[in-house]
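Report on the structure given below.
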Amino acid sequence: MATGTTATLPTIAEDTANPAGTSVTALFAHLFSDPADAVAGGSSANGFAGVAIVGNAATAGQGVWQYWSGFAWITVGAVAEGSALVVAADTALRFLPAADWNGTTPALTVRLIEDGGAPVVTGGRVDLTSGVGGSTVYSADTIALTGTVTPVNDAPQITAGTTTLATMKGVAVAVTGLSVSDVDAGALPMLVTLTAGHGTLTLASAGWDAVITGNGTDSVTIRATLATINGLLGAANGLLYTASSYTGADAIRIVVNDLGNGGAGGPLTATATIGVTVAPPNASPVLIDTNLDVAVAAEALAAPTAGTVGFAVSKLVGLNGSGPANVIDTDAGAVVGIALTGTNESYGRWWFSTDNGASWSLVGAVNDSDSALLLRATDRLYFQPNAAVPATVNGALSIRAWDQTTGSAGSKTAVTLGDGSAFSAATDTVTLHPGVLIPNGTFDKGLTGWSYTGGATVGATGDGHEGTLTSAAGRSPTQLEDFLGLAHGSIAAATGTIPSFGNAMKLATTVTVTKDTTLTFDWTFIFSDPGYHDFAFVSVNGVVTLLAKEASASGKFSVVIPANTTLSLGFGTSDTSDNSVNPILRIDNVKLTTVASDPIVLDMAGDGLALRSLTDGVLFDVSGDGVADRTGWVGKGNALLVRDDNHNGQIDDGRELVSEHFGAGSNGGGFNSSLDALASLDSNHDGRIDAADESFATLQVWQDADGDGVSQPGELRTLADAGILSIATTATPTGTTLAGNHILGTTSMTMADGNSRVVAGVAFDAQATVAAQLHSQPLAASPSPSSQADHGRFDYAALLSSGLGLPDTVPVVQNSLDAHSGDWAMALHTADTHHATTHASTIVPVAENS
């Protein structure tokens, strides 16, 4: 029988990983008695054999009761009267507490077993529902075994949601994601110490029941309950770090002390560190007032669709010498964009794209106060003109430079100015020059924008769309002249053919150019009527030029349209005599390109920049169109940075100057400026061109000793021979003008003697030669026109590009220099004999400005 109802397990400490256990005998033998068998005449008394466990109140959160199997500790698990677990007297029991749990253990309920029955085997199961007490070996009464798990102080823990922070000098940053935990803290106070190496820490302490010292200094302490501490640290902007006079690496250190609350073992602490990078304060971008011009289409256009190009924002802003070279930003790794603060939509609508033209959105209302549109240099703009755009639209856009340190591309925001602002204090405006692109010059919209007498269609040859003319059912030369606005007799004078009948087409949209601009187009003439005089012609501003006659041919035509000129353009083809087989003229890729040049100028003498005026009359083909242009030039002691790409020992045109036309650029369209072209030659990206760059060996210095714009072999030297060790590629923008030439930006070069000299990107004051060039070649199996038999003895391209002009035996169409009347006249050009002629060529120039 059981002489008591409770038994006690020896005390164990919280978080004891492997309690020793106590034998069943030690726990229960003192509560065992067998008086019934000990009376006189009764059977002999039985001894204590073990226990049958019939109840287990332990939960997983508290811990588990276990017994020793002889090899391992086995969890007691679920028991009941019908499935009692037998544990022999010599077997040990223990309670294994769950982590961080303390208190009175849940009861393990047992019945005592005497040794009068079958042997007691640990781990066996018995069914006691048939009876206990009496003659059974199981006690009628149960005993509850409990014990005590004494508390032990647990260390606090710190959770840092971020391990690094970045901020700028003087700018407060929130320390977020910081919290403290302690399983046995309860409502007892704890101590948190926050320190910063080079900054200050500020808690938003209002309304919290906490003792805070040093708030707003480099060391702050908080004495409060766990809940209050977490409330302080977890509030929005609850803890702010500010470095007012320091830049570099710093650290915030957090130390939590639980003050020994919650159990034995004394105070315990936890620490954590958050790294901080303090950057120098943002340097606001500086926007330099620059003449920003954008060319747009000359006709009403539909809204942009996916794939529309428009123009890149980099055309409007260029950082530290790149692009238009109009933004300075001294921050390391600076980038640039624009804040669009104003638009002139009197003549159309502005669109923008932030995904390279895949999709477009209307700019809409923009202003400084709350709706400045932010765009990166790689984003794009598009102007959708209406049908009545003047030759110049001033104030088409108003912009500020944006350094992208705040805000996001494609969003609108308020412009805030002052120290560290992401926006330039200065603004600039953009001027539109409509009419620089021929409307529908590739005929991708059929014949829209063109009118015709007949025989005009759009063919699918060539690049997919070509304007096609035939002479079928044609009109007389007089009728064609009336249609094209030409003086009577112009077609016959140019072609030498009467009578003839044909058709013509003309540009129906008004196109005005505001700068010297080169008109070019591709043409193909199909002739299949031998013995007749069929021909094709072009008329430009009242001047008729023969394209081909009596033979199939194709080529490219170019002519410079003077600034502030309204373009009149027409094409025609005519049949003669029998009109039995109609000739065909195909026209495509009609476009205009502004004439410009901005080469790199080197101060070789060390006396500064020396530039010559346009009025000095230097002739050089600055745009690479095969025709020499009147241009500003380098003066004494200065030279040009060049590369002889065709290895002919001379510099032929602007494509061999380090300029915007240099090498045609990576995309076939040149560079934004000579400074961009210069930077592209820095192959190892170390900010200079020297012997470590591939380009160093191929670049040359052209010092035009006689100042005639013609390179002689003795005028070209390698960089090394010229004593140049390196050229810096990062330029400082300038807004100065010298002898009418605009200095875009300056950098420097280091000479072999250690001296530094000026290098500049200079936009020469250039005046394009108003000349027509007809580059033609006969098509296969076509008759050769006898009228052109003796032209091969002149290399017209060489003559024109060198500034010579034409031989005095060749008739040319020449601008009368009356820009107001727009009338041109026939004339003979006298050769400039100080330029030598060279080999023969199939290039036939047909018009040139004297």
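Each value in this text was obtained by applying a stated rule to the coordinates, not by laboratory testing. Predicted model only: the values in this text are computed from it and were never measured. With ideal geometry, Cβ positions are generated from the backbone for all residues, glycine too; neighbour counts draw on all protein chains shown.
For the charge dipole of the stretch 69-164, defined by +1 on Lys and Arg C-beta atoms and -1 on Asp and Glu C-beta atoms about the Cα centroid, which residue among Val120, Thr163, Val86 has the Cα displaced farthest towards the positive pole?
In the stretch 69-164, that residue is Thr163.
Please order Trp523, Trp351 by the number of other Cβ within 10 Å, starting at the fewest. Could the numbers behind the result be given before it?
Working: Trp523 24, Trp351 20.
Least to most surrounded, the residues fall as Trp351, Trp523.
Take Lys591 and Thr6, extend 7 Å from each Cα along the Cα→Cβ direction, and tell me the distance between the two endpoints in nm.
Result: 10.0 nm between the two label points.
Per 0.36 nm of contour for each residue apart, how much would the distance between His488 and Ser83 grow if the chain were fully extended, relative to their Cα-Cα spacing?
Working: separation 405, 0.36 × 405 = 145.80 nm, distance 12.55 nm.
Between His488 and Ser83, full extension yields an extra 133.2 nm.
Just flag the chymotrypsin sites (Phe, Trp or Tyr not before Pro) in the stretch 48-79 sitting in loop per DSSP whose Cβ has no more than 11 other Cβ atoms within 10 Å. Present the calculation step by step, with values, prior to reporting the outcome.
On the way: sites: Phe48, Trp65, Tyr67, Trp68, Phe71, Trp73; in loops: Phe71.
Sites meeting the loop and neighbour criteria: Phe71.
Suppose the chain between Ala460 and Thr416 were pulled fully straight at 0.36 nm per residue; how much longer would it get relative to their current alpha carbon spacing? It would help to have the intermediate numbers written out before the result.
On the way: separation 44, 0.36 × 44 = 15.84 nm, distance 5.46 nm.
Fully extending the segment from Ala460 to Thr416 adds 10.4 nm.
Suppose R0 equals 60 Å. What FRET efficiency, 1/(1 + (r/R0)^6) with r the Cβ-Cβ distance, do His685 and Ala13 give to the nearest 0.05?
Details: r = 65 Å, r/R0 = 1.09.
My answer for the efficiency is 0.35.
Using a Förster radius of 35 Å, what is the FRET efficiency between Thr129 and Val183 based on their Cβ-Cβ separation? Nearest 0.05, please.
Details: r = 42 Å, r/R0 = 1.20.
My answer for the efficiency is 0.25.
Taking R0 as 25 Å, what FRET efficiency do you get between Gln157 and Asn237 from their Cβ-Cβ distance, rounded to the nearest 0.05? List each step's numbers first, then the result.
Values: r = 24 Å, r/R0 = 0.96.
Plugging the Cβ-Cβ distance into 1/(1 + (r/R0)^6) gives 0.55.
Hey, can you rank 203-212, 614-623, 98-107 by average C-beta count inside 10 Å, highest first?
Values: 203-212: 13.6, 614-623: 21.6, 98-107: 16.2.
Order by mean packing, descending: 614-623, 98-107, 203-212.
About the Cα centre of the stretch 157-279, how large is the charge dipole given +1 on each Lys and Arg Cβ and -1 on each Asp and Glu Cβ? Please answer in debye to the nearest 20. Provide the component values of the computation, followed by the final result.
On the way: 3 positive and 6 negative charges, 54 e Å.
Using Cβ point charges on Lys, Arg, Asp and Glu, the stretch 157-279 gives about 260 debye.
Which length gain, in nm to one decimal place, applies between Thr273 and Val309 when the Cα-Cα distance is subtracted from 0.36 nm times their residue separation?
Details: separation 36, 0.36 × 36 = 12.96 nm, distance 5.02 nm.
Full extension from Thr273 to Val309 adds 7.9 nm.
Quickly rank 51-62, 749-760 as a protection proxy: mean count of other C-beta atoms within 10 Å, highest first.
Values: 51-62: 18.3, 749-760: 16.1.
For the peptides 51-62, 749-760, the packing ranking is 51-62, 749-760.
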